[in-house]
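Each value in this text was obtained by applying a stated rule to the coordinates, not by laboratory testing. Since this is a predicted model, take the numbers as computed values, not measurements. Neighbour counts run over all protein chains shown; Cβ positions are idealised from the backbone, glycine included.
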Amino acid sequence: MGYGVGILLISPTGEHVPMSIKLDFNVMNNTAEYEACLLGLRSALDLCVKKLLVHGDSSLVINQVGGSWKIRSPILAPYQTRIEELEKNFEDIRFVHLPREENQLADPLSKLASLINILDHIDSMPICVERRSSLAYVNVIDDVGEGETEPWYTTILKFKETGDYPPDLDT
């Protein structure tokens, strides 16, 4: 259904800002990796980040933007130019290669963006991922309804214990 990039910004205090961005144009893999890098840098600048450690799982992109490898592709050269322009806005920026198997959140974020069909009149769709440590029904089993003083299952427990039917039950 399209192409996507995943970006995860992590603050020094451990706060996570995940981003899934759908690309509504055709891209090759290396182009998508450069798009992710540029969009990540822009997002960091929007958040007034001054010092940035960029982890990327594309060795091509990391080595090219880090200066270790030359860019030979005329398609990728404009990305390098734009990244160099953005780098000037940071006090300190470093690029580090991260093996794909250690990139546990950015890849699923990119897949999410590529699989979702975003309607034309919508620019963004918020998503929240939470961790739960108990079953959903456990959280509501002891709920007491409005105007009640005991949980809904009290009469069932009493019947099981004593065999007495509830007084308001028609027999």
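One table, with the values for the structure above:
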read-out	value
Candidate lysines - alpha carbon under 27 Å from K158, same-chain residues fewer than 8 apart omitted	none
Of K70/K111; K22/K111; K50/K88, those spanning more than 18 Å from alpha-carbon to alpha-carbon	K70/K111
Qualifying trypsin sites (Lys or Arg not before Pro) for the stretch 67-128 [loop in DSSP, other Cβ within 10 Å: at most 12]	K70, R72, K88
Ascending count of other beta-carbon atoms within 10 Å, so fewest first, for F25, F159, F95	F25, F159, F95
Per-selection metrics, the chain (Cα): Rg and Dmax in Å	26.1, 87
Per-bin percent of Cα-Cα distances, the stretch 1-79 [5 Å]	3, 14, 24, 23, 19, 12, 4, 1
Those aspartates and glutamates that a straight Cα-Cα span of less than 14 Å connects to K51, excepting residues fewer than 8 apart in one chain	E87, E91, D92
For the chain, share of DSSP beta bridges that run antiparallel, in % to the nearest 5	55 percent
The chain, helix-only ellipticity at 222 nm - DSSP H runs n ≥ 4, -39,500 (n - 2.57), divided by all residues, nearest 500	-9500 deg cm²/dmol
Relative exposure of C37, C48, judged by other C-beta atoms within 10 Å (fewest first)	C48, C37
